[in-house]
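Engineer: Shown below is the structure under consideration.
The values are calculated or read from the model by the stated rules, or taken from the named source; none is laboratory data. It should be emphasised that the depicted structure is a prediction, and the values quoted were computed from it without experimental measurement. A quick note on method: Cβ atoms are made from the backbone with ideal geometry, for glycine too, and the neighbour counts reach across all protein chains shown.
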Amino acid sequence: MDKYYLTINNKLQEVSSKRLDYAKKIDKNNDHILDDNEITDFLIKNDDLKLSDLKLRMTKDGLEIINKHNIVNDFKEYLQDIDIKAPTFIRDYNQIINKMKELEQKYPDKVKLEYLGKTFEGRDIVVMRISKNINDEEGKKKSILITGLHHAREWATGESALNIAEKLLESNDNALNNYLNDLDIYILPVVNPDGYEYSLKQDRWWRKNRTKFEKGIGVDLNRNYFTPKDPTLYRQPNDKPDSTWDDYGASDSVYSDTYRGPYGNSEPEIKAITKLVNSKHIDTVIDIHSYSNAILYPWGHTTEPTQWDAIYKEVGQEMAKAVNNKYYVEQSVSMYPTTGSSEDYHHVEGRFNYTLEIGNSFYPKSKEELEMLKNEVLAMTKVFMKNLINNKIPTQKFITTYQNTH
Ligand SMILES: [Zn+2]
């Protein structure tokens with residue numbers, strides 16, 4: 001069998017046998033050695049990117065790779081299929097659910113778990129409601145939903161969501177304690193339990209859920225959102241189903257890492273979230289992803305500004321300031337276009353929301369790095385909650401003239 005090589009740290013390393021098909025596609029020089037230019041070229045042109053989350057930026061000339069050093073290195077690791085076992089400081093799905101149950105038992109007056117449905121493989125999709133008095137009627141106070149792990153391999157995002165729950169309940173931080181008086185807080189740390197387990201235990205590059213189709217496995221859950229209020233959020237008018245390249249912001253190929261699913265809202269995980277936000281009248285959302293040190297606001301599918309553009313920028317900048325401006329604030333589409341995403345869905349439904357792209361890697365290398373990310377997310381979320389309480393962030397209750405701007 002053919003062998004292919006790449007240069008890492010000035011040494012030739014063999015491409016994993018699993019990735020030979022990729023290697024063949026990349027090797028323009030036909031010398032069985034993949035150089036950085038070939039890899040970069042491939043990453044720009046390929047529509048089935050394994051690393052497609054947020055590394056591309058739209059320019060006048062088309063797509064351009066940002067953060068090129070990282071993405072080329074990530075892709076080299078992918079080609080080698082380096083077997084990184086999940087570190088013990090990352091809790092798996094059962095450990096996260098057990099922690100949620102433990103908090104419910106310890107704080108029965110403040111915490112209630114709700115089981116929103118089952119995944120393809122039969123795991124529970126669980127959200128945690130936290131409030132000053134859990135028996136108070138829902139929907140009376142302003143509310144926020146915090147989600148993590150839409151994408152299986154973004155390991156720090158579930159931990160960061162769960163950390164907010166732990167800190168709200170267990171820290172002596174007065175500001176946090178006060179937020180409980182004014183807000184109903186919903187935390188769903190693991191949107192994608194099947195994919196997360198698969199990524200931790202089988203293939204750390206796995207991104208989608210694990211729904212089995214005739215020809216392949218998995219839907220990109222952050223491309224599966226749909227609302228009848230604006231079906232073009234899921235699929236642009238000029239995007240023909242079954243064409244695999246001009247799939248603006250998502251793919252119709254089940255083999256693709258950004259497969260949007262057979263139809264909008266097809267996946268149990270997304271059904272669970274859309275039902276939750278509608279039945280509880282949830283006002284706002286923070287959706288945590290990795291990576292890029294970015295605070296992103298809608299739209300994801302068009303460069304048109306939303307009606308809340310100025311507020312998104314202003315609150316976003318204040319959140320960035322809370323982490324010493326390490327994160328930059330940008331409209332989501334300027335990274336690369338997406339359709340069927342959480343941010344566009346929630347925005348068109350009147351929910352002010354951000355997508356946080358935390359850190360500079362899918363895989364935190366140490367407990368210290370994970371703690372840093374958790375602290376960053378907490379600091380940014382506190383700024384968000386403060387602005388939600390002081391009425392700077394608009395909520396559905398205040399929308400009277402909402403217009404679809406596109
Ligand atoms: Zn993601």
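Engineer: Just checking, does region 169-184 include any residue being touching a helix residue (DSSP H, G or I) at 6+ places or on another chain (Cβ under 7 Å), hydrophobic (A, V, I, L, M, F, W, C) and within 16 Å of the ligand (Cβ to nearest atom)?
Structural biologist: No.
Engineer: Checking LYS240 against (1) modelled with pLDDT of 95 or more; (2) part of a loop (DSSP other than H, G, I, E, B); (3) not assigned by TED's automatic domain parsing to the domain that holds MET335, which test does it fail?
Structural biologist: Answer for LYS240: the failing condition is (1).
Engineer: While we're looking at this one, here's another question. For region 235-242, state whether one or more residues are within 16 Å of the ligand (Cβ to nearest atom), in contact (Cβ under 8 Å) with a residue 60 or more places away in the chain and surrounded by 21 or more Cβ atoms within 10 Å (Cβ to Cβ). If you could, list the steps in order and put the result at the bottom.
Structural biologist: Residues of region 235-242 that are within 16 Å of the ligand (Cβ to nearest atom), as a first pass: none.
No; the residues of region 235-242 include none that is within 16 Å of the ligand (Cβ to nearest atom), in contact (Cβ under 8 Å) with a residue 60 or more places away in the chain and surrounded by 21 or more Cβ atoms within 10 Å (Cβ to Cβ).
Engineer: Next question. Go through region 80-99 residue by residue and tally those that are part of a loop (DSSP other than H, G, I, E, B) and in contact with a helix residue (DSSP H, G or I) (Cβ under 7 Å, 6 or more places away or on another chain). Show your work before the answer.
Structural biologist: Initially, region 80-99 is screened for residues part of a loop (DSSP other than H, G, I, E, B), giving 81-92.
Restricting the remaining residues to those that are in contact with a helix residue (DSSP H, G or I) (Cβ under 7 Å, 6 or more places away or on another chain) gives 81, 86, 89-92.
Residues meeting the conditions: 6.
Engineer: If you don't mind, another one. Which of the following residues is crowded, with 22+ Cβ neighbours inside 10 Å and either assigned by TED's automatic domain parsing to the domain that holds VAL191 or among the acidic types (Asp, Glu) (or both): VAL315, VAL329?
Structural biologist: Details: VAL329 fails: crowded, with 22+ Cβ neighbours inside 10 Å.
Just one listed residue meets the conditions, VAL315.
Engineer: Count, please, the residues in region 289-316 that happen to be in contact with an Asp or Glu (Cβ under 8 Å, 6 or more places away or on another chain) and part of a loop (DSSP other than H, G, I, E, B). I'd like the intermediate steps shown before the answer.
Structural biologist: Of region 289-316, the ones in contact with an Asp or Glu (Cβ under 8 Å, 6 or more places away or on another chain) are 289-301.
With part of a loop (DSSP other than H, G, I, E, B) added as a condition, the list becomes 290-293, 298-301.
Adding up the residues that qualify gives 8.
Engineer: Can I ask one more? Would you point out the residue of region 245-291, among those that are among the β-branched types (Val, Ile, Thr) and farther than 29 Å from THR395 by Cα, that is nearest to the ligand (Cβ to nearest atom)? Show your work before the answer.
Structural biologist: Here is the first cut: in region 245-291, the residues among the β-branched types (Val, Ile, Thr) are 254, 258, 270, 273-274, 277, 282, 284-286, 288.
Retained after the next criterion (residues that are farther than 29 Å from THR395 by Cα): 254, 258.
Details: VAL254: 19, THR258: 10 Å.
Step by step, filter region 245-291, then rank; the result is THR258.
Engineer: Only one of these is in a loop (DSSP other than H, G, I, E, B), more than 15 Å from the ligand (Cβ to nearest atom), on the phi < 0 side of the Ramachandran plot and outside the structural domain of SER342 (by TED's automatic domain parsing): ARG210, ARG204. Name it. Before the answer, list the steps.
Structural biologist: Values: ARG204 fails: more than 15 Å from the ligand (Cβ to nearest atom).
None of the other options fit; the residue is ARG210.
Engineer: Could you give me the residue pairs with C-beta distances under 6 Å whose first residue belongs to region 94-123 and is closer than 13 Å to ASP194 by Cβ and in the same structural domain as ILE164 (by TED's automatic domain parsing), whose second residue is outside any strand (DSSP E or B) and among the polar types (S, T, N, Q) wherever it lies, and which are 6+ apart or on separate chains?
Structural biologist: PHE120/THR211
Engineer: For residues that are within 16 Å of ILE185 (Cβ to Cβ) and part of a helix (DSSP H, G or I), tally how many sit in region 100-129.
Structural biologist: 3
Engineer: Something else about it: What about ALA165, is it under 19 Å from TYR354 (Cα atoms), within 14 Å of the ligand (Cβ to nearest atom) and either assigned by TED's automatic domain parsing to the domain that holds LEU103 or in a helix (DSSP H, G or I) (or both)? Don't jump to the end; show me each part of the working.
Structural biologist: Details: under 19 Å from TYR354 (Cα atoms): yes; within 14 Å of the ligand (Cβ to nearest atom): no; either assigned by TED's automatic domain parsing to the domain that holds LEU103 or in a helix (DSSP H, G or I) (or both): yes.
In short, no.
Engineer: Which pairs have Cβ atoms under 9 Å, sit 6 or more apart or on different chains, and link a residue in region 365-386 that is farther than 14 Å from ILE164 by Cα to one that is aromatic (Phe, Trp, Tyr)?
Structural biologist: What qualifies is SER366/PHE89; LYS367/PHE89; LYS386/TYR179.
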